[in-house]
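Please treat every number below as a calculation from the coordinates, not as lab data. What you are looking at is a predicted structure, and each value in this text was computed from that prediction instead of being measured.
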Amino acid sequence: MSSSRSSAVVNALSRPVVLVGLMGAGKSSVGWRLAAALSAPFFDSDTEIEAAAGMSIADVFERHGEASFRDGERRVIRRLLDGEPCVLATGGGVFVSEENRDLIAERALSVWIDADVETLWNRVKDRSTRPLLLTADPRGVLLGLWKGRRSAYAKADIRVESPPGITHENMVQRIVSALAARDRDDPARPPILRRDPSHE
Ligand code: S3P
């Protein structure tokens, strides 16, 4: 499906779409493009926390600790899922929490962007913005998170693979196709994509 075709037939989301997955999966960079393709607002949980706290995620971790950051995440997710249907890119830890998963399952549709650990590592290794990776062995930590969190991410409604080298635009197309396929395959459930009949 070409991006022009997908954006022509889809003109609104009936529920929020929540992107989950590990650091480096591309939730934010794919997320805002996906939101544009679906004519939906875009939010990023990390950006919202930074705006509310008036400091970077690294500073929140350092000054207030991870527990306080996770608390902020919970509040931000709840607030954003209360509003107009949006595309929401979440921090890698959001979907690990059962409370967050339950809320997302109730109000949204979750999409796991899944990539192999080598691809993720290549995407994050040159950045110093992620406090969990500021250790002597960041690659080892990433691998541990990759192994430890997969069972949580696998609870997402949809899994879309992000192979090495794929462009953000192609990822958007993959996700839109997956959303459309879900609507097609399960007509008993209210569709996630609302179609504009004038474009069909
Ligand atoms: C985290 C991932 C980060 C950020 C914070 C913690 C995690 O977001 O929320 O550093 O626990 O995996 P990204 O997944 O957008 O990098």
- Task: Provide Rg and Dmax in Å for segment 1-115, with only Cα atoms included in the calculation.
- Result: 14.3, 47
- Taking segment 112-200, how much of its Cα-Cα pair set, in percent, is spaced more than 15 angstrom apart? 69
- Using the 2.2 N^0.38 Å rule of thumb for compact globular proteins, work out how segment 149-192 stacks up: its C-alpha Rg over that value, please. 1.33
- Message: Springs between alpha-carbon pairs under 10 angstrom, Gaussian network model over the chain: which of PRO41, PRO131, PRO190 fluctuates most?
- Response: PRO190
- Residue-normalised 222 nm signal for the chain, counting each DSSP H run of n ≥ 4 as -39,500 (n - 2.57), nearest 500 deg cm²/dmol, is -16000 deg cm²/dmol
- Cα pair count fraction exceeding 15 Å, expressed as % - segment 59-113: 46
- Query: How long are the semi-axes of the ellipsoid equivalent to segment 58-185, from square roots of 5 times the Cα gyration tensor eigenvalues, in whole Å, largest first?
  - Reply: 25, 21, 13
